[in-house]
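For reference, the structure discussed in these notes is given below.
The values are calculated or read from the model by the stated rules, or taken from the named source; none is laboratory data. Computed from a predicted model, the values in this text were never measured in an experiment. Virtual Cβ from ideal backbone geometry, glycine too; neighbours counted across all protein chains shown.
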Amino acid sequence: MRNPLADKVVDIKPSGIRKFFDVVSEMKDAISLGVGEPNFDTPWHIREEGIGSLQKGKTYYTSNAGLKELKTEICNYISRTQNIQYDAITEVLVTVGGSEAIDMGLRAMINPGDEVLIPQPSYVSYEPCAILAGAKPVIINLKAENEFRLTAQELEEAITEKTKILILPFPNNPTGAIMERSDLEAIREVILKHDIYVMSDEIYSELTYKGKHVSIASLPGMQERTILINGFSKAYAMTGWRLGYACGPKNIIGQMTKIHQFAIMCAPTTSQYAAVEALKNGDPDVEMMRNEYNQRRRFLMNAFREMKLECFEPYGAFYVFPCIKEFGMTSDEFATRFLEEEKVAAVPGTAFGDCGEGFLRISYAYSLERLKEAMERMARFVNKLREEQK
Ligand SMILES: Cc1ncc(COP(=O)(O)O)c(C=O)c1O
């Protein structure tokens, strides 16, 4: 029989995140700190809108690009948070999570051989999606000494004449790093000089703990060369509703909508009605969750300080990225032993790129109680490793 599979698909490595969680689900008393998913239920008033839409019989397709009401609310939201104006009809596409927006954006913009710059450590889907779109991914290794921010020099050095898109993954999963206005201004110069586009994944924009998130699209000359991606999963605890969006120049959004129409038809209707409510009345919920995350973030930073474990202070998302290089083992070895000996699952930094070696991603989208128990186990584990080294 002929090989039924496409080589470029077979060649893609499966995500390194899930590996540990299959083990955890079978292990008694195990604590998982691995998944990047809020531990809050979707706020009730948002769920009610979804339920109400079903009761009213709103069970049909919406228009391909999404409900006009939702697109209008998305534009209002971006206008009030970033002072960027988008046209709801032509410059917004409602997608199945931020995930689909990343995929559609790359597929709409890449010609074979175009280079896509991917700063790492970063979210696991950029590289496979770039490859599937026919691009050559070019990795920029971010550095702990820069707090895992992207510098203008790193960007400049990675650009060739084939570079078409820079993926800008901030606030960052897995490091928790953010880019402040001055960081963005510096890279803006390089982007304009080389005439490249930006795909800015701002899915954690509401989860920052040092000032407000700044979108690169709000800087002069950037809106026309940026695809801004965001969604409802993280800020509103709506992962299972599968809803996100992309905003950008009309010509790009138009082509993305065309592929979205053929591949997806439209994002889930019930979720779109719920999302209108999230944007209209969800600010207090977001604030409550942000405050909770911030409390947990501080707790973890304190715990690491007490353990004398090196960790730069992350100001975004819900992850910390401690350094475990002092133990002389790989991230994978550390995570495996931590799970086997203390029954705590965390993700090896290498799941997010080779330069994540020597780091561990710990998610604090878990209750403080669980985090406390996990940190007790971690302190014991770290002490044991230090004893072994003597
Ligand atoms: C950085 C980043 N981007 C995008 C996504 C995709 O989220 P969703 O498809 O649920 O919107 C995630 C999910 O973990 C993420 O961490």
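Hey, among the residues in region 208-224 that are of a type in the set (Ser, Thr, Tyr) and part of a loop (DSSP other than H, G, I, E, B), which one's nearest to the ligand (Cβ to nearest atom)? Don't jump to the end; show me each part of the working.
Quick first cut of region 208-224, residues of a type in the set (Ser, Thr, Tyr) only: 208-209, 215, 218.
If we keep only those that are part of a loop (DSSP other than H, G, I, E, B) as well, we get 209, 215.
Numbers: Tyr209: 17, Ser215: 14 Å.
If we take residues in region 208-224 being of a type in the set (Ser, Thr, Tyr) and part of a loop (DSSP other than H, G, I, E, B), then Ser215 is nearest to the ligand (Cβ to nearest atom).
How many of the residues making up region 225-245 are in a helix (DSSP H, G or I), crowded, with 24+ Cβ neighbours inside 10 Å and within 8 Å of the ligand (Cβ to nearest atom)?
Here is the first cut: in region 225-245, the residues in a helix (DSSP H, G or I) are 225, 239-241.
Keeping just the survivors that are crowded, with 24+ Cβ neighbours inside 10 Å gives 241.
Pick out the ones that are also within 8 Å of the ligand (Cβ to nearest atom) and you get none.
Of the residues in that region, 0 qualify.
Across region 167-207, what is the total count of residues that are assigned to a loop (DSSP other than H, G, I, E, B) and under 27 Å from Ile131 (Cβ atoms)? Explain how you work it out, then say what you get.
Initially, region 167-207 is screened for residues assigned to a loop (DSSP other than H, G, I, E, B), giving 169-180, 195-196, 202-207.
Adding the requirement that they be under 27 Å from Ile131 (Cβ atoms) leaves 169-177, 179, 195-196, 202-205.
Residues in region 167-207 being assigned to a loop (DSSP other than H, G, I, E, B) and under 27 Å from Ile131 (Cβ atoms): 16 in total.
What's the number of the condition Glu48 fails, among (1) over 25 Å from the mean Cα position of the chain (by Cα); (2) under 25 Å from Ile264 (Cα atoms); (3) of a type in the set (Asp, Glu)?
All conditions pass for Glu48, except number (2).
Given the options Glu100, Glu154, Glu161, Glu127, name the one that is part of a helix (DSSP H, G or I), away from the ligand (no atom under 16 Å from the Cβ) and either out of contact with any Phe, Trp or Tyr (no Cβ under 9 Å at 6 or more places or on another chain) or within 23 Å of Asp354 (Cα to Cα) (or both).
Values: Glu100 fails: away from the ligand (no atom under 16 Å from the Cβ); Glu161 fails: part of a helix (DSSP H, G or I); Glu127 fails: away from the ligand (no atom under 16 Å from the Cβ).
Exactly one of Glu100, Glu154, Glu161, Glu127 is part of a helix (DSSP H, G or I), away from the ligand (no atom under 16 Å from the Cβ) and either out of contact with any Phe, Trp or Tyr (no Cβ under 9 Å at 6 or more places or on another chain) or within 23 Å of Asp354 (Cα to Cα) (or both), namely Glu154.
Looking at Ile51, Ile12, Ile31, which is the one that is away from the ligand (no atom under 16 Å from the Cβ) and at pLDDT 95 or above?
On the way: Ile12 fails: at pLDDT 95 or above; Ile31 fails: at pLDDT 95 or above.
After ruling out the rest, the residue left standing is Ile51.
Would you mind listing the helices (runs of 4 or more DSSP H) fully within region 265-356 where at least 2 residues are more than 30 Å from Leu54 (Cβ to Cβ) and touching a Phe, Trp or Tyr at 6+ places or on another chain (Cβ under 8 Å)? Talk me through it step by step, then tell me what you get.
Numbers: elements: 269-281, 283-307, 331-342.
Fully inside region 265-356 and qualifying: 283-307, 331-342.
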